[in-house]
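A short write-up of the structure that comes next.
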Amino acid sequence: RTTAAVEDLVSKHPKGKVAVVSHSDVIRVLLANYLGMPLDLVHRLDVLPASVSIIDLPKGGPPRVSVINHVADIERWR
């Protein structure tokens, strides 16, 4: 459900960026899905409070995880 919800948001904003704010377990599931990891290994991903992860979802292309668990310089992505 999590991945489908994010992809629905992205489809509704095709020319913009979408920010998803959630608990660490949800972010772990999203990262695992887009990295192609089995969900039973999701506990291997450490997501810090208030950290930023960036997942690019290009239309017609494979997803690309470009940042995981970043906690400094948040203004850079505005």
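Just so you know, all these numbers are worked out from the coordinates, no wet-lab data involved. Only a predicted model underlies this, so the values are computations on that prediction, with no experimental measurement involved. Glycine gets a Cβ as well: all are built from the backbone with ideal geometry, and neighbour counts include every protein chain shown.
Counting helices only, and only those DSSP H runs with n ≥ 4, report the 222 nm mean residue ellipticity of the chain as the sum of -39,500 (n - 2.57) divided by its residues, in deg cm²/dmol to the nearest 500.
On the way: 2 runs with 23 residues, N = 78.
Calculated from helices alone, the mean residue ellipticity at 222 nm is -9000 deg cm²/dmol.
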- line: Rounded to 0.05, the calculated FRET efficiency for the beta carbons of Asn33 and His13 at R₀ = 22 Å is 0.65
task: Quote the charge dipole size of the chain about the Cα centre in Debye, to the nearest 20; the model charges only the Cβ of Lys and Arg (+1) and of Asp and Glu (-1).
output: 300 debye
- prompt: When only Cα pairs under 8 Å and 6 or more residues apart are kept, what is the percent relative contact order across the range 1-74?
  reply: 23 percent
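At a temperature of 4 °C and a viscosity of 1.567 mPa s, determine how fast the chain diffuses translationally according to Stokes-Einstein, using the Kirkwood radius over alpha-carbon pairs as Rh; express D in µm²/s, rounded to the nearest whole number. Before the final figure, lay out each step's value.
Details: Rh = 13.2 Å.
D, rounded to a whole number, is 98 µm²/s.
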